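*Asks:* Below you'll find the structure I mean.
The values are calculated or read from the model by the stated rules, or taken from the named source; none is laboratory data. Remember, it's a predicted structure, so these values are computed and weren't measured experimentally. Note: accessible area is taken over every heavy atom of the protein model, side chains too, but ligands, DNA and RNA are not part of it. Shrake-Rupley method; radii C 1.70, N 1.55, O 1.52, S 1.80 Å.
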Amino acid sequence: MPARLLSIPAVAAALDVDRRTVYRFIAAGDLPVVDLRTGPGRSRVRVPAAGLDEFISRRAVKSLSPPIRR
């Protein structure tokens, strides 16, 4: 079965962040991309759904420490 590819706006919506934040994750190497070139000098990137799932798993926190009460 072929990998499901997600657009940058779809990834941004799934993570509840801005598109620019998704591009920063990509530039940092945190999110994998597939580049679907559509012509000279133009690229169209997609994020594999499995890559997004792995990204979320790596960043998952088991539990947040309770707030300190004063």
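*Asks:* Work out how much length Lys62 to Leu5 would gain on full extension: take 0.36 nm times their residue separation and subtract the Cα-Cα distance, in nm to one decimal.
*Replies:* On the way: separation 57, 0.36 × 57 = 20.52 nm, distance 2.77 nm.
Difference between extended and current length: 17.7 nm.
*Asks:* Let me ask something additional. Taking only protein heavy atoms and a 1.4 Å probe, what accessible area per residue, in Å², does the chain have with all protein chains in place? Numbers along the way, then the final one.
*Replies:* Values: 5700 Å² over 70 residues.
With the other protein chains kept in place, the chain gives 81 Å² per residue.
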